[in-house]
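The values are calculated or read from the model by the stated rules, or taken from the named source; none is laboratory data. Bear in mind that the values here come from a model prediction, so they are computed numbers and not experimental data. Glycine gets a Cβ as well: all are built from the backbone with ideal geometry, and neighbour counts include every protein chain shown. Only protein heavy atoms, including side chains, enter the accessible area calculation; ligands, DNA and RNA are left aside. Shrake-Rupley method; radii C 1.70, N 1.55, O 1.52, S 1.80 Å.
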Amino acid sequence: MPATSTAQRRIARLATLTAVHRAFHWLHLHQPQLRQWQWDLVRIPAPPFGESARAAWFLDRFLQLGLTNPHLDDAGNVLAELGPEINAARHSERSEEPLYFAPASSAVESPVPCILLSAHLDTVFPANTPIEPTEEKDTHRIYAPGICDNAAGLTALLAIAAAMQYANITPPIPILFAANVGEEGEGDLRGMRHLFERGPYRNRIAAAIALEGGGSSAVVTRALGSLRFRITITGPGGHSWADAGTLNPILLLSHALTRIAALNLPANPPTTINVGHISGGTSINSIPESAAALLDIRSTDPVQLVATATAVHQIFDEIVTPATTQRTTTPPPKLHIETIGNRPAAALPDDSPLLHTLRAVDRHLTLRTEPRLGSTDANIPLSRGVPAIAIGGGGQGGGIHTLQEWYDPTGRETALRRILLTLLDTVQTTADSTTMT
């Protein structure tokens, strides 16, 4: 295809530039530095809604790297920029050879677009989880909760910023570096939502690349949607004998969950329901006052996602509502359904320039492009029509979301080159298209 051929020519030229080679050289020489960063940051607990200590560490790194305007936003995201002005000034001070990027045209009106490169700060582990990395010398594996998801992505974020600063690369439009909060679990993508819905960059981000875990070939181009609910049924409770006949919230909840398990879910579009947690009651001889369940509904199709959620709501209404009309001397049960997660489903078009760029980069690096479906920070920009992908920070990992999680940095350098070339080409093509319009 013409677009693919054009992208391949751009990447081939990009890879020959002196500044890019300087950045590659930094990445090659500083693998021990990357390992140290990864060890340091993974030791800092960062459960959802508890990322502040790791965010403070990251803010210090952005300051040390000399990025522009390092700061925390209102959601707790750590942000900093690499833009034309700051690197042009650094270049004149160093008197090095000319930079390869042309600055954006002065005719471009504000606000100037930017490209987002991000990695999420949070892990799935509670704050009191013991985290002390250990290394297997024979396999090079590092073991620690969160060492891959997402210490690998966060390390890659720092590596790209440091390599670009060392190479004195001046992008024609700003690159926004973000170590964002709230990707995991009940964090519900809150950091990314803030960036795209309320933050000052919300109308400027032209494309987004999220760095997620390890790997060098996979790319998330389809956003798996999910709706998550906390469902609670309450009643008066009582003694199992003296108050026999009082409606039992656990039995009502169980009846509803049995019907939900029998739902005929479509295989196309793929749709699932999971009950991940149930709770309620105080003792074997007490009628419980409440029962609760956490439900996770997922689908690749936003319409099917809503339809399945509607069916779940209807089942609970049909179970609980008749119980409230029964003649009894005790108060009727009450139903409360709280939405605790809403990750939109979306997809990157196959003819997206961002995807053409990545494929061209992979061909140049002799990597296989493996499109994937996933639930990542890319869900938010994709759902808003902003081109976005999620790719790995290199190396390999396993045991994700378990206490036995591991990471092997072997091959990380290739993935970092992949990220850098994809980022630089996306920045340049975005600047070119903005200037032409």
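The set of residues in the stretch 265-303 that are of a type outside the set (Ser, Thr, Tyr), in a strand (DSSP E or B) and crowded, with 16+ Cβ neighbours inside 10 Å comprises 273, 280, 287, 291, 292, 293, 294, 295, 296, 297, 298.
Taking residues in the stretch 405-424 that are surrounded by fewer than 23 Cβ atoms within 10 Å (Cβ to Cβ), and partners anywhere that are at pLDDT below 95 and part of a loop (DSSP other than H, G, I, E, B), the pairs with Cβ atoms closer than 6 Å and at least 6 places apart or on different chains are 408/140; 410/140. Among residues that are touching a residue at least 40 places away in the same chain (Cβ under 8 Å), within 25 Å of residue 312 (Cβ to Cβ) and either out of contact with any strand residue (DSSP E or B) (no Cβ under 9 Å at 6 or more places or on another chain) or open to solvent by less than 50 Å² (accessible area, probe 1.4 Å) (or both), residue 342 is not included. Residues that are basic (Lys, Arg) and in a loop (DSSP other than H, G, I, E, B) occur in the stretch 199-208; there is at least one.
Taking the stretch 38-54 as the range and being among the hydrophobic types (A, V, I, L, M, F, W, C) and crowded, with 21+ Cβ neighbours inside 10 Å as the test, the residues that pass are 41, 42, 46. Between 34, 63, the distinction of being assigned to a helix (DSSP H, G or I) and open to solvent by 50 Å² or more (accessible area, probe 1.4 Å) belongs to 63 only. Yes or no: the stretch 70-86 includes at least one residue that is surrounded by fewer than 20 Cβ atoms within 10 Å (Cβ to Cβ), at pLDDT below 55 and in a helix (DSSP H, G or I). Yes, the conditions are met somewhere in the stretch 70-86.
Would the stretch 355-373 turn up any residue that is in contact (Cβ under 8 Å) with a residue 24 or more places away in the chain, within 30 Å of residue 293 (Cβ to Cβ) and either in contact with a strand residue (DSSP E or B) (Cβ under 6 Å, 6 or more places away or on another chain) or in a loop (DSSP other than H, G, I, E, B) (or both)?
Scanning the stretch 355-373 turns up at least one residue that is in contact (Cβ under 8 Å) with a residue 24 or more places away in the chain, within 30 Å of residue 293 (Cβ to Cβ) and either in contact with a strand residue (DSSP E or B) (Cβ under 6 Å, 6 or more places away or on another chain) or in a loop (DSSP other than H, G, I, E, B) (or both).
Taken over the stretch 34-48, the criterion of being closer than 14 Å to residue 121 by Cβ, at pLDDT 95 or above and not β-branched (Val, Ile, Thr) is satisfied by 37, 38, 40, 41, 43, 45, 46, 47. For the condition assigned to a strand (DSSP E or B) and touching a residue at least 60 places away in the same chain (Cβ under 8 Å), residue 116 qualifies.
When you scan the stretch 135-165, how many residues do you find that are assigned to a loop (DSSP other than H, G, I, E, B) and touching a helix residue (DSSP H, G or I) at 6+ places or on another chain (Cβ under 9 Å)? Number of matching residues: 4. If you go through the stretch 381-414, how many residues are part of a helix (DSSP H, G or I) and either more than 18 Å from the chain's Cα centre (by Cα) or farther than 29 Å from residue 349 by Cβ (or both)? Within the stretch 381-414, residues that are part of a helix (DSSP H, G or I) and either more than 18 Å from the chain's Cα centre (by Cα) or farther than 29 Å from residue 349 by Cβ (or both) number 3. Of the listed requirements (1) in a helix (DSSP H, G or I); (2) open to solvent by 20 Å² or more (accessible area, probe 1.4 Å), residue 256 misses just one: (2). Quick one: in the stretch 345-362, of everything that is surrounded by fewer than 17 Cβ atoms within 10 Å (Cβ to Cβ) and of a type in the set (Asp, Glu), which residue is nearest to the chain's Cα centre (by Cα)? Checking each candidate, the answer is 350.
Of 239, 140, all but one fail to be open to solvent by 10 Å² or more (accessible area, probe 1.4 Å), modelled with pLDDT under 95, over 22 Å from the mean Cα position of the chain (by Cα) and not basic (Lys, Arg); the exception is 140.
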